[in-house]
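The values are calculated or read from the model by the stated rules, or taken from the named source; none is laboratory data. Predicted model, so just to flag it, every value in this text is computed and none were measured. Here Cβ is always computed from backbone atoms with ideal geometry, including for glycine, and neighbour counts include all displayed protein chains. These accessible areas exclude ligands, DNA and RNA; they are computed on the full protein's heavy atoms, side chains included. Shrake-Rupley method; radii C 1.70, N 1.55, O 1.52, S 1.80 Å.
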Amino acid sequence: MTNMYQGKKLFRVGKIVNTQGIKGELRLVPTTDFPDRFKPKSLFIIKNASGEMNEVELEKARPHKNFIIIKIQGCESINEVEKWKGSELFVTEDNLATLAEGEYFFHQLLGCKVQSEEAEEIGVLDNILQTGANDVYVVKREGKKDLLLPVIDECVKDIDTENKIITVHVMPGLE
């Protein structure tokens with residue numbers, strides 16, 4: 001289920017795990033590769049239990065260990081922010097980070113048709129595993145087990161997000 005706000009898709013960027021101190025700050029675990037996105041701007045807090053959505057303005061953010069400490073404008077005490085523990089933080093698509101050429105968000109890739117260099121359909125990109133060395137595309141194939149395809153130049157030849165097509169070279173031993 002995709003969260004929406006005024007017809008715009010919302011993208012999860014973090015989970016509020018606790019309060020921080022008594023001055024209205026929150027401890028956030030980022031779920032984004034772009035922690036610099038936590039600059040004063042409009043964010044959405046969605047409570048997991050009730051689904052209640054609040055649009056808030058971020059006053060400030062700072063890294064702290066493996067967390068990001070955020071301060072919401074207008075919240076000055078722990079009592080005002082405690083209600084958001086366990087909630088998730090979202091941004092609209094127009095607030096997503098700008099990517100360099102050749103970089104993509106997962107939501108742009110998932111669901112793309114995967115085809116060979118000869119334009120033969122292989123399957124659909126179902127998941128992306130982040131292994132550390134390189135990502136691995138999990139391609140769902142009809143009547144076969146999933147194809148695990150390393151995201152390296154030798155395998156991934158072209159990505160066309162507009163037409164939702166990824167062209168690949170399946171190296172021997174991967175099928």
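See the values below:
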read-out: Failed item, numbered, when residue 68 is tested on (1) within 30 Å of residue 157 (Cβ to Cβ); (2) of a type outside the set (D, E, K, R); (3) at pLDDT 85 or above; value: (1)
read-out: Check on residue 111, part of a loop (DSSP other than H, G, I, E, B), at pLDDT 95 or above and closer than 30 Å to residue 5 by Cα; value: yes
read-out: Close pairs from region 115-138: first over 14 Å from residue 159 (Cα atoms), partner of a type in the set (S, T, N, Q) and open to solvent by 80 Å² or more (accessible area, probe 1.4 Å), Cβ under 9 Å, at least 6 apart; value: 136/130
read-out: Any hit, region 87-102, residues being of a type in the set (Gly, Ala, Ser) and either in a strand (DSSP E or B) or over 30 Å from residue 171 (Cβ atoms) (or both); value: yes
read-out: Residue identified as surrounded by 14 or more Cβ atoms within 10 Å (Cβ to Cβ) and either of a type in the set (D, E, K, R) or touching a helix residue (DSSP H, G or I) at 6+ places or on another chain (Cβ under 7 Å) (or both) among 65, 15, 23, 39; value: 15
read-out: Looking only at region 40-64, and only at residues there that are at pLDDT 90 or above and either part of a loop (DSSP other than H, G, I, E, B) or among the acidic types (Asp, Glu) (or both), the one that is nearest to residue 12 (Cα to Cα); value: 55
read-out: Condition check for residue 50: over 29 Å from residue 99 (Cα atoms) and open to solvent by 60 Å² or more (accessible area, probe 1.4 Å); value: yes
read-out: Region 1-12: number of residues that are open to solvent by less than 50 Å² (accessible area, probe 1.4 Å) and at pLDDT 85 or above; value: 2
read-out: Subset tally (residues that are closer than 28 Å to residue 13 by Cα and either exposed (fewer than 15 other Cβ atoms within 10 Å of the Cβ) or among the small types (Gly, Ala, Ser) (or both)) for region 129-155; value: 8
read-out: Residue ID - surrounded by the fewest Cβ atoms within 10 Å (Cβ to Cβ), chosen from residues in region 74-108 that are of a type in the set (A, V, I, L, M) and at pLDDT 95 or above; value: 78
read-out: Residue selected from region 156-175 under the condition open to solvent by less than 60 Å² (accessible area, probe 1.4 Å) and modelled with pLDDT under 95, by the criterion nearest to residue 112 (Cα to Cα); value: 161
